[in-house]
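Before any comments, here is the structure.
The values are calculated or read from the model by the stated rules, or taken from the named source; none is laboratory data. None of these values were measured; they are calculated from a predicted model. All Cβ positions, even for glycine, are placed from backbone atoms using ideal geometry, and neighbour counts span all protein chains on display. Side chains are part of the model used for accessible areas, which takes the heavy atoms of the whole protein and leaves out ligands, DNA and RNA. Shrake-Rupley method; radii C 1.70, N 1.55, O 1.52, S 1.80 Å.
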Amino acid sequence: LLDVIDSANDVVENGVRLAVYATARQNGVSIDQAASIAKNITVNFNRKGNHTGTLNSLYMFANSGIQGNMRMIQAIKSSRRAQVYAGGLMMAGMMMTALNILLGGDDEETRKKRYELVPEYERERSWIIMMPGSDSYVKVALPIGPHILFNIGRVLVETAMLKDRKALDAAGSLLASTLASIYPVGGGLPSKDLKGLAQT
């Protein structure tokens, strides 16, 4: 099973690289430049800094985490299409949060919105779908990195629609999810510690 998964992963990754290389060549890019573009279209494991070995031994996947976040930032800075996608993710975060607050309804015991009872670390890292009139919900993990954009929309709507949601707590939540994606240990640093850092 592991061999099948590994092979499928290789097929997808190399297929993407080949498609990028072919497209670059069709657009008149030189062989060397097209190969470089294809190599760097996803995480380039041959690209390393002087201390990558040390970092990777201390923090699993530190190199790929750093490169992945840099790819996202570079794309948003330079590509109009990436900016549209980024805006779409923020809008998705806003719309899903508003729907969850409305569809989830109120909890009779706590007199809060049922959506508020979903643990914050789950709201930071997952796409939450509340079941109407019920305490239950479905969660789908968000990809690390792009989840920051989704969380910007989420936090804006929570601050506007939830009476107990303070702006400072919302800012702390956003900072926590952002730092968790760039911090080498990933989710290793507790969200509450990051929020404390935000408030100081």
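When region 109-147 is filtered for residues that are among the charged types (D, E, K, R) and either surrounded by 18 or more Cβ atoms within 10 Å (Cβ to Cβ) or assigned to a helix (DSSP H, G or I) (or both), the ones remaining, listed by number, are Lys113, Arg114, Glu116, Glu120, Glu122, Arg123, Glu124, Arg125.
All conditions in (1) surrounded by fewer than 20 Cβ atoms within 10 Å (Cβ to Cβ); (2) at pLDDT 85 or above; (3) over 18 Å from the mean Cα position of the chain (by Cα) hold for Gln199, with the sole exception of (2).
Right, Met96: part of a helix (DSSP H, G or I) and open to solvent by 80 Å² or more (accessible area, probe 1.4 Å) or not? When the stated conditions are applied, Met96 does not pass them. Considering region 15-37 alone, what residues qualify as being of a type outside the set (Lys, Arg), surrounded by 12 or more Cβ atoms within 10 Å (Cβ to Cβ) and either under 23 Å from the mean Cα position of the chain (by Cα) or more than 24 Å from Asn69 (Cα to Cα) (or both)? Result: Val16, Ala22, Thr23, Val29. Where residues in region 47-93 are over 16 Å from the mean Cα position of the chain (by Cα) and surrounded by 15 or more Cβ atoms within 10 Å (Cβ to Cβ), which of them is nearest to Gly133 (Cα to Cα)? Checking each candidate, the answer is Tyr59. Selection of region 148-174 for residues being at pLDDT below 80 and outside any loop (DSSP other than H, G, I, E, B) yields Ala167, Leu168, Asp169, Ala170, Ala171, Gly172, Ser173, Leu174.
Residue-by-condition table, conditions (1) among the small types (Gly, Ala, Ser); (2) in contact with a Gly (Cβ under 6 Å, 6 or more places away or on another chain):
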residue	(1), (2)
Asn46	no, no
Asn56	no, no
Ala62	yes, no
Asn69	no, yes
Ser78	yes, no
Ala98	yes, no
Leu103	no, no
Thr110	no, no
